[in-house]
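The structure under discussion appears below in the form of structure tokens.
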């Protein structure tokens, strides 16, 4: 479980996070949603330690990452896997080398053991026979899958996904969502997904936290979110008039 | 002024991190060899071409001047080309060329990695990113630049010989008599000191500029240009102080 308590973050005079508290549960897909500029990415980057919050605490199963020194934080990071919005695959390395990199750096496994683990992870994300390809040779969906394979290769306890569906067609996006959900449940990982894709919210949102202007505005799950009939969250989810009409006429 | 100190502080902090203890030495060695190959093999053709012609031009220009002073023997040209190449031309010209080629490459590579979140990906894994991405580049540069400079000296001397023969200014025997005459090992020491310092300067400044870039494609271009300009200026300042203090 990951808990964030009263997280505040300023960039110069701009207050981006104004005191956000939330908990993200084990074995569930925890979604952070919100408009562009609402603070989703900053929250995620504070949680993984890429940004230092100005105030507040972040607890990984009770371990406060904000008070840790460099080495202790590095140990926690080895329990974290992350899928980046642009996948952040290493251009100069093949798919196999990308997925294998954490094993090379942090384990003493033999070459055969590492290859077996890489092949298992690539198989798990339905990407067999791509080992020798470079990221530039892959489609957007395939890159995301390689990103997921790299994120899970070290058996993480925590998985972070920043806009996993950005740039993907709706069908591929659903495949990626389901993959994240399956992996979360299969390995009992605490997964935090940053998204503004409503398909993801409805499909995998075991827990949903809605941010608005740097504050937590709403918290619930994908069933409860359908009961919302007005306010900022309603405007966000049913952004177009078409969807608003559809929602008003639906029998929920 | 405040910005200069801010940048200097940032540079020194980054350098300290770049030389901190590696997670797995084997991975760092592998990366250092890869960088050495990129910098060394990749830069060899341009260094070879330029230094050969610089040696040739030096020989031709001194021959042109010596012809008007009939008292100066032509075999001196060999001595002058050797001394000029070792003390100044090979290290300085090679370093300026490498600042343009390797420095801009390092800055744009790291800048692109920063913008495309590849550096963040390393950080999330728990990799000490300055140590893994910067340390091997600087180490490789410090090792490879002196090697390139030695090659540049050799090719410059050969270039001078070829140009002299083509112009009929001296015989092979005369030229190589000059090359050997009054050879001082201390000159080579100065050359190597310069080469090591230039290798460190051009790689560390380029790494700093690339690693700290913020923004997008335009900023990567700017940081790449700044890396070349700044490292060239700093190398010339270093060059002056080495000459001033050691000669």
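The values are calculated or read from the model by the stated rules, or taken from the named source; none is laboratory data. From a predicted model like this one, the values you see are computed outputs, not experimental measurements. Counting neighbours? That spans all protein chains shown, and the Cβs are built from the backbone with ideal geometry, glycine included.
Before moving on, here are some points about what is shown:
- Members of the range A:166-211 that are in a loop (DSSP other than H, G, I, E, B), under 25 Å from residue A:79 (Cβ atoms) and under 13 Å from the mean Cα position of the chain (by Cα): A:189, A:205
- Yes/no for residue B:150 being within 29 Å of residue B:236 (Cα to Cα) and out of contact with any helix residue (DSSP H, G or I) (no Cβ under 7 Å at 6 or more places or on another chain): yes
- Extreme residue, nearest to residue A:184 (Cα to Cα), among residues of the range A:73-91 that are more than 7 Å from every other protein chain (Cβ to nearest Cβ) and touching a helix residue (DSSP H, G or I) at 6+ places or on another chain (Cβ under 9 Å): A:81
- The criterion of being modelled with pLDDT under 90, out of contact with any helix residue (DSSP H, G or I) (no Cβ under 7 Å at 6 or more places or on another chain) and either surrounded by fewer than 22 Cβ atoms within 10 Å (Cβ to Cβ) or at negative phi (or both) holds for residue A:163.
- Among residues of the range A:160-172 that are under 27 Å from residue A:25 (Cβ atoms), those with a Cβ under 6 angstrom from a residue that is in a loop (DSSP other than H, G, I, E, B) and at pLDDT 85 or above, sequence gap 6+ or separate chain, pair up as A:162/A:84; A:162/A:85; A:163/A:85; A:166/A:85.
- Exactly one residue out of A:131, A:26 is touching a residue at least 24 places away in the same chain (Cβ under 8 Å), more than 28 Å from residue A:167 (Cβ to Cβ), more than 10 Å from chain B (Cβ to nearest Cβ) and not in a strand (DSSP E or B): that is A:26.
- For the range B:162-171, a residue qualifies if it is buried (at least 22 other Cβ atoms within 10 Å of the Cβ) and assigned to a helix (DSSP H, G or I), and the qualifying residues are B:163, B:164.
- Filter result (out of contact with any helix residue (DSSP H, G or I) (no Cβ under 8 Å at 6 or more places or on another chain) and either surrounded by 17 or more Cβ atoms within 10 Å (Cβ to Cβ) or within 11 Å of another protein chain (Cβ to nearest Cβ) (or both)) within the range A:95-118: A:108
- Residue B:44 vs. criteria away from chain A (no Cβ under 14 Å), in contact with a helix residue (DSSP H, G or I) (Cβ under 6 Å, 6 or more places away or on another chain) and within 22 Å of residue B:201 (Cβ to Cβ): no
- Of the listed requirements (1) touching a helix residue (DSSP H, G or I) at 6+ places or on another chain (Cβ under 9 Å); (2) modelled with pLDDT under 95; (3) closer than 23 Å to residue A:163 by Cβ, residue A:18 misses just one: (1).
- Members of the range B:114-123 that are part of a helix (DSSP H, G or I) and at the interface with chain A (Cβ under 8 Å from one of its Cβ atoms): B:118, B:120, B:121, B:123
- For the range B:130-144, the count of residues that are more than 26 Å from the chain's Cα centre (by Cα), modelled with pLDDT under 95 and either surrounded by fewer than 19 Cβ atoms within 10 Å (Cβ to Cβ) or within 14 Å of chain A (Cβ to nearest Cβ) (or both) is zero.
- Within the range B:53-85, if we keep just the residues that are farther than 13 Å from residue B:164 by Cβ and modelled with pLDDT of 90 or more, the residue that is surrounded by the most Cβ atoms within 10 Å (Cβ to Cβ) turns out to be B:85.
- Scanning the range A:31-63 for residues that are out of contact with any helix residue (DSSP H, G or I) (no Cβ under 8 Å at 6 or more places or on another chain) and over 26 Å from residue A:14 (Cβ atoms) yields A:61, A:62.
- Here residue B:101 fulfils each of the conditions (1) modelled with pLDDT under 95; (2) within 14 Å of chain A (Cβ to nearest Cβ) apart from (2).
- Qualifying position, being touching a helix residue (DSSP H, G or I) at 6+ places or on another chain (Cβ under 6 Å) and free of Cβ contacts under 8 Å to residues at least 24 places away in the same chain, among B:30, B:37, B:24: B:24
- Restricting the range A:29-60 to residues that are part of a loop (DSSP other than H, G, I, E, B) and away from chain B (no Cβ under 14 Å), the residue that is farthest from residue A:186 (Cα to Cα) is A:54.
- Screening the candidates B:126, B:55, B:78, B:84 for the property of being within 14 Å of chain A (Cβ to nearest Cβ) and more than 30 Å from residue B:221 (Cβ to Cβ) yields one hit, B:126.
- Residue in the range A:61-71 that is under 30 Å from residue B:30 (Cα atoms) and either in a strand (DSSP E or B) or within 11 Å of another protein chain (Cβ to nearest Cβ) (or both) present: yes
- Residue B:158 vs. criteria in contact with a helix residue (DSSP H, G or I) (Cβ under 6 Å, 6 or more places away or on another chain), at pLDDT 95 or above and away from chain A (no Cβ under 14 Å): no
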